[in-house]
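Working notes for the structure below.
Values in this text are rule-based calculations from the coordinates and carry no lab data. Given the structure is predicted, the values throughout are model-derived calculations rather than measurements. We place every Cβ from the backbone using ideal geometry, glycine too, and count neighbours over all the protein chains shown.
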Amino acid sequence: MQGTPGCPGGARDFTLRRVVQAFCGSILDRVSTFAGPIDPATTVGAVRLRVADLDASRSFYEDVLGLETLESSSSEARLGAGGSPLVELAAAPEAPLRPLRSTGLFHLALLVPDRPRLAIALRRLARRGWRLTGASDHLVSEALYLNDPEGNGIEIYRDRPREQWHWEDGTVEMDTLPLNLEDVLGESADDDDDAMAPETRMGHVHLTVADIPDADAFYSGLLGFKPTVRGYPGALFVAAGGYHHHLGLNTWAGAGAPAPPPGSRGLEHFEVILPSDDALEALGGRLERGGARPERDRDGGLALADPFANRILVRVAG
């Protein structure tokens, strides 16, 4: 088992609770003593993936999805929209495959600005012959689902206006209904301008975890995200600032799913973006009091991992 800053990952022979108690000073049992809401302007940022074939992955994100390459070398690539990085690819040709029933990335979710841009994204995928794995109306949003060449899940979605979201007692109403793709396609003209919109950003990140109560304690109790949906089978959704969700957390790979082998293909880390240095210091203090032991990266951000070995980089916007 390999430990990481934050909570240790890779618990195969112990329950997650025992691992956290042994290595993190019972973080999940003590979060209520120092918990507070994360800054309401918090968002999520770039997702960094380890990939076996860098060229094929870069070509997919550029040619199929329509992202622009911001930086590229023989060992990594950064792609995004409007000059902002959204997906980072790290070449790892010898990396082992991530087991199907393990924790890690469920999908990254690219938020486009409106329904016509969702239609453009759908048309681009159809032109390039890339198969969808799903298409859903979630009431708060409309979403397309697919996988990249190495099996990493991707969602492309648009939000409905916030005034159309229905909240009751702090819970937002969400569902998974069929999305009428023909109706979506009717929102855009059939033209050649099908690049990803420059306003596109990372809307949320959805993770596979091993235990919902432990995920709730870490992401809500420790980091300070607010639960927005608790009733979805095998899943929890949390957010900052009244959004429907910045993080999805599910146990659909099975309760108690192990972490993948260290250095596996897939998620290397995802970013949580705070609006100011003060917000970063406040979160850092809360993490330290909780025994999470974050490390400082070279740019001053905080690096840590959740109890399921999903790595997080917390940094300030800009």
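Filtering region 96-115 down to residues that are among the hydrophobic types (A, V, I, L, M, F, W, C) and assigned to a strand (DSSP E or B), which residue is farthest from L267 (Cα to Cα)? Working first, answer last.
Here is the first cut: in region 96-115, the ones among the hydrophobic types (A, V, I, L, M, F, W, C) are 97, 100, 105-106, 108-112.
From what is left, the residues that are assigned to a strand (DSSP E or B) are 105-106, 108-112.
Working: L105: 6, F106: 9, L108: 10, A109: 14, L110: 16, L111: 19, V112: 22 Å.
Among those that are among the hydrophobic types (A, V, I, L, M, F, W, C) and assigned to a strand (DSSP E or B), it is V112.
Any residue in region 70-81 that's surrounded by fewer than 11 Cβ atoms within 10 Å (Cβ to Cβ): show its pairings with residues that are not in a strand (DSSP E or B) at Cβ separation under 8 Å, as long as the two are six or more apart or on different chains.
S74/L54; S75/L54
I need every pair where a residue in region 248-260 that is more than 17 Å from Y219 (Cα to Cα) has its Cβ under 8 Å from the Cβ of a residue that is among the aliphatic types (A, V, I, L, M) and part of a strand (DSSP E or B), sequence separation at least 6 or different chains.
Once the first residue is more than 17 Å from Y219 (Cα to Cα) and sits in region 248-260, its partners that are among the aliphatic types (A, V, I, L, M) and part of a strand (DSSP E or B) give W252/A235.
Matching residues to (1) in contact with a strand residue (DSSP E or B) (Cβ under 7 Å, 6 or more places away or on another chain); (2) surrounded by fewer than 18 Cβ atoms within 10 Å (Cβ to Cβ):
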| residue | (1), (2) |
| --- | --- |
| L105 | yes, no |
| L111 | yes, no |
| L118 | yes, no |
| S141 | yes, no |
| N147 | yes, yes |
| Y157 | yes, no |
| E163 | no, yes |
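In region 55-94, which residues are in a helix (DSSP H, G or I), among the charged types (D, E, K, R) and more than 18 Å from D194 (Cα to Cα)? Before the answer, list the steps.
First, the residues of region 55-94 that are in a helix (DSSP H, G or I): 55-64.
Restricting the remaining residues to those that are among the charged types (D, E, K, R) gives 55, 58, 62-63.
Residue satisfying the conditions is D55 alone.
Sort out for me the strands (runs of 3 or more DSSP E) sitting completely within region 177-290 that have 1 or more residues that are among the basic types (K, R) and under 30 Å from S59 (Cα atoms).
Details: elements: 201-208, 226-229, 235-239, 247-250, 266-274.
Ranges flagged: 201-208.
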